[in-house]
Amino acid sequence: MKPIFSLIALSVLIVLTGPLQAQSPNQKLRVLVLTDIENEPDDAQSMVRFLTYSNQWDVEGLLATTSIHLKNRVAPQRIRQIVDAYGQVRNNLLLHEKGYPETAYLLSVLKSGIPKYGMEGVGPGNDSEGSEHIISVVDKADPRPVWIPVWGGANCLAQALWKVRQTRTPDELARFVGKIRVYTISDQDDTGPWIRKTFPDLFYIVSPGYHSRGGYHYSTWSGISGDKKHGRFTGADFSIVDNPWLDENIRKNHGPLGAQHPHTEFMMEGDTPTFLYLIPNGLGSPEHPDYGSWGGRYELYTPRTRKWFFEPETRPIWTNAEDEVLGIDSSYHTSDKATIWRWRSAYQNDFAARIDWTIKPYKEANHPPVAKLGHANELRAKSNETVTLSAEGSTDPDGNNLTYDWIYYREVGTFESNNPVMVSNRTSKVASFTAPKVARPETLHFILAVTDKGVPALTRYQRVIVTVFP
């Protein structure tokens, strides 16, 4: 996606109404993608990566839409082309992991939105097979929420919501809205602000970028790769998201699906954070954007605490958060982009491995380790108590040796101090720390990163939340 004109409602928004629906960690998420594919190459890039992970979710729809960059047409034929390439390699993917959907099924849920821009496509006479499909998916007798990553404009979703509001009771509308989870990459048409204003109870994440006199300000999503002019974020390794690396590891000599990953013109896969956020790798928790994941981290602010919105939101919102991260230049950097680029090596290696799966037999490819804990994911401790962290039980399906890293994720917990919590033996299977002195119960988050020594090296995670009591 390209930077957009919208100066409206630059926010990351999640407003929740009542308790979230519980979902077993072993249940697949339901995912329905909206994409303005063909506006530039990055949507096609993201679609290639998405399909290599399609066994991780129940894919409910692939919808071609418009955006500020593709106002008057949609391009379902490009999605079909990539899905057809996936069909050529699906049998090989199944050698490595189960659950990859049938090609015919993916083509059956490929739909188009109306070829109109923004709010011009919302209202009477603007139903499309895409908006009707959204309604039918949400209406299924399935208690799981529907995650809707939006890579372009949101008017297909807006039309579905508009129709449901016009044709159902308030209670029925509330139930419909309550089953939807949205993550958009900026506001790429004028329907995003309308949706958030009209349906204030909708779970809605938007990673914004905005224009000012100083130029375009990139936001969290741009941490996925950056661009050649602006995106070599200090501390981040640009080489593994640049075209030479992609040519060698994804595109060339990597089969028909890898060949569908086009040459980067602006930036690599600006839309990919919407589903990196949903990959069940042990790091993120979709219902907790503040926990952080490969798709970034977001924090809750009230309208009173943020003054930079051109059109202020009228409700509490989730907006881009900052992490302090040690970069490849051996210095620390604090930015909202770092909440994604801190994981760049891991998610790029993971993609390279999955493209290998499309052409290689099992024994010639690498597969992710299994990160396990020797204790519960939630622990309790008292101030000054020594807490042991254990990765006992972690394994690797290929028999590769494992390395360990215990990361204290300071920004996520409630404990604030100028003195950092130090982890002893942080690169060992068993580590420990001394619980800090607290005046009231405080939470600390630790991430276990288990990495194998295969090629490419792959990483999986476990999160430990420690509540420290006085």
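The values are calculated or read from the model by the stated rules, or taken from the named source; none is laboratory data. The model shown is predicted, which means the values in this text are computed figures rather than measured ones. Don't worry about glycine lacking a Cβ; one is built from the backbone with ideal geometry, like all the others, and counts go over all protein chains shown.
Determine whether L34 is assigned to a strand (DSSP E or B), under 18 Å from the mean Cα position of the chain (by Cα) and at negative phi. Spell out the reasoning first.
On the way: assigned to a strand (DSSP E or B): yes; under 18 Å from the mean Cα position of the chain (by Cα): yes; at negative phi: yes.
Considered against the rule, which asks whether it is assigned to a strand (DSSP E or B), under 18 Å from the mean Cα position of the chain (by Cα) and at negative phi, L34 comes out as yes.
Given (1) touching a residue at least 60 places away in the same chain (Cβ under 8 Å); (2) buried (at least 17 other Cβ atoms within 10 Å of the Cβ); (3) more than 24 Å from R297 (Cα to Cα), identify the lone condition not met by R380.
Of everything listed in (1) touching a residue at least 60 places away in the same chain (Cβ under 8 Å); (2) buried (at least 17 other Cβ atoms within 10 Å of the Cβ); (3) more than 24 Å from R297 (Cα to Cα), R380 misses just condition (2).
Tell me the strands (runs of 3 or more DSSP E) entirely within the stretch 246-326 that contain at least 2 residues that are over 21 Å from Y86 (Cα atoms) and modelled with pLDDT of 85 or more.
Values: elements: 298-301, 317-320, 323-326.
Passing ranges, in order: 323-326.
Somewhere in the stretch 399-410, is a residue over 17 Å from E385 (Cβ atoms), touching a Phe, Trp or Tyr at 6+ places or on another chain (Cβ under 9 Å), assigned to a loop (DSSP other than H, G, I, E, B) and not aromatic (F, W, Y)?
no
Yes or no: I14 under 17 Å from T184 (Cα atoms), part of a loop (DSSP other than H, G, I, E, B) and modelled with pLDDT of 95 or more? Before you say what the answer is, go through the steps one by one.
On the way: under 17 Å from T184 (Cα atoms): yes; part of a loop (DSSP other than H, G, I, E, B): yes; modelled with pLDDT of 95 or more: no.
No, not satisfied.
List the pairs whose first member sits in the stretch 322-339 and is among the polar types (S, T, N, Q) and crowded, with 18+ Cβ neighbours inside 10 Å, whose second member is part of a strand (DSSP E or B) and at pLDDT 90 or above, and whose Cβ atoms are under 9 Å apart, counting only residues at least 6 apart or on separate chains?
Close Cβ pairs satisfying both conditions: S335/D323; S335/E324; S335/V325; T339/S293; T339/G296; T339/D323; T339/V325.
Within the stretch 40-60, is even one residue in contact with a His (Cβ under 8 Å, 6 or more places away or on another chain) and at pLDDT below 95?
So far as the stretch 40-60 goes, yes, one or more of its residues are in contact with a His (Cβ under 8 Å, 6 or more places away or on another chain) and at pLDDT below 95.
Out of all the residues in the stretch 192-200, is one or more more than 23 Å from S54 (Cβ to Cβ), touching a Lys or Arg at 6+ places or on another chain (Cβ under 9 Å) and buried (at least 19 other Cβ atoms within 10 Å of the Cβ)? Walk me through it before giving the result.
As a first pass, look at the stretch 192-200 and keep what is more than 23 Å from S54 (Cβ to Cβ): 192-200.
Then drop every residue that is not touching a Lys or Arg at 6+ places or on another chain (Cβ under 9 Å), which leaves 196, 198-200.
Next cut, buried (at least 19 other Cβ atoms within 10 Å of the Cβ) only: 196, 199.
Taking every residue of the stretch 192-200 in turn, at least one turns out to be more than 23 Å from S54 (Cβ to Cβ), touching a Lys or Arg at 6+ places or on another chain (Cβ under 9 Å) and buried (at least 19 other Cβ atoms within 10 Å of the Cβ).
Which number in (1) under 11 Å from the mean Cα position of the chain (by Cα); (2) modelled with pLDDT under 90 marks the one condition that G214 misses?
(1) is the only condition that G214 fails.
Looking at (1) within 19 Å of the chain's Cα centre (by Cα); (2) modelled with pLDDT under 95, can you tell me which one K28 breaks?
Failing condition for K28: (2).
Would you check which residues across the stretch 327-372 are of a type outside the set (F, W, Y), in contact with a strand residue (DSSP E or B) (Cβ under 9 Å, 6 or more places away or on another chain) and more than 16 Å from T451 (Cβ to Cβ) and list them?
Step one: filter the stretch 327-372 for residues of a type outside the set (F, W, Y), giving 327-331, 333-340, 342, 344-346, 348-350, 352-356, 358-361, 363-372.
This time we only want the ones that are in contact with a strand residue (DSSP E or B) (Cβ under 9 Å, 6 or more places away or on another chain), so: 327, 333-340, 342, 345-346, 349-350, 366-372.
Across the stretch 327-372, the qualifying residues are G327, H333, T334, S335, D336, K337, A338, T339, I340.
Can you confirm whether V450 is modelled with pLDDT of 95 or more, hydrophobic (A, V, I, L, M, F, W, C), within 24 Å of R342 (Cβ to Cβ) and surrounded by fewer than 17 Cβ atoms within 10 Å (Cβ to Cβ)?
Values: modelled with pLDDT of 95 or more: yes; hydrophobic (A, V, I, L, M, F, W, C): yes; within 24 Å of R342 (Cβ to Cβ): yes; surrounded by fewer than 17 Cβ atoms within 10 Å (Cβ to Cβ): no.
No, not satisfied.
Taking F203, is it aromatic (F, W, Y) and within 20 Å of the chain's Cα centre (by Cα)? Walk me through it before giving the result.
Details: aromatic (F, W, Y): yes; within 20 Å of the chain's Cα centre (by Cα): yes.
Considered against the rule, which asks whether it is aromatic (F, W, Y) and within 20 Å of the chain's Cα centre (by Cα), F203 comes out as yes.
Take the residues of the stretch 427-446 that are charged (D, E, K, R) and crowded, with 17+ Cβ neighbours inside 10 Å: which is farthest from E324 (Cα to Cα)? Talk me through it step by step, then tell me what you get.
Of the stretch 427-446, the ones charged (D, E, K, R) are 429, 437, 440, 442.
Checking the rest, the ones that are also crowded, with 17+ Cβ neighbours inside 10 Å come to 429, 442.
Details: K429: 25, E442: 20 Å.
Filtering the stretch 427-446 for residues that are charged (D, E, K, R) and crowded, with 17+ Cβ neighbours inside 10 Å, the one farthest from E324 (Cα to Cα) comes out as K429.
Yes/no per residue for (1) touching a helix residue (DSSP H, G or I) at 6+ places or on another chain (Cβ under 6 Å); (2) modelled with pLDDT under 95; (3) not small (G, A, S):
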{"residue": "R342", "(1), (2), (3)": "no, no, yes"}
{"residue": "V370", "(1), (2), (3)": "no, no, yes"}
{"residue": "A381", "(1), (2), (3)": "no, no, no"}
{"residue": "S417", "(1), (2), (3)": "no, yes, no"}
{"residue": "S432", "(1), (2), (3)": "no, no, no"}
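Give me the pairs: first residue in the stretch 165-186 and on the phi > 0 side of the Ramachandran plot, second residue among the polar types (S, T, N, Q) and surrounded by 12 or more Cβ atoms within 10 Å (Cβ to Cβ), beta-carbon distance under 8 Å, and six or more apart or on different chains, which are they?
Final answer for the pair search is S186/S6; S186/S207; S186/S219.
Any residue in the stretch 186-198 that is within 16 Å of the chain's Cα centre (by Cα) and at pLDDT 70 or above? Lay out the reasoning, then the answer.
Of the residues in the stretch 186-198, the ones within 16 Å of the chain's Cα centre (by Cα) are 186.
Subsequent filtering for residues that are at pLDDT 70 or above retains 186.
Within the stretch 186-198 (the criterion being within 16 Å of the chain's Cα centre (by Cα) and at pLDDT 70 or above), the answer is yes, since at least one residue qualifies.
How many residues are in a loop (DSSP other than H, G, I, E, B), touching a residue at least 24 places away in the same chain (Cβ under 8 Å) and over 12 Å from V464 (Cβ atoms) if we restrict to the stretch 411-430?
Of the residues in the stretch 411-430, the ones in a loop (DSSP other than H, G, I, E, B) are 411-422, 425-429.
From what's left, touching a residue at least 24 places away in the same chain (Cβ under 8 Å): 411-415, 427-429.
Cutting the leftovers down to over 12 Å from V464 (Cβ atoms) gives us 411, 414-415, 427-429.
Selection size over the stretch 411-430: 6.
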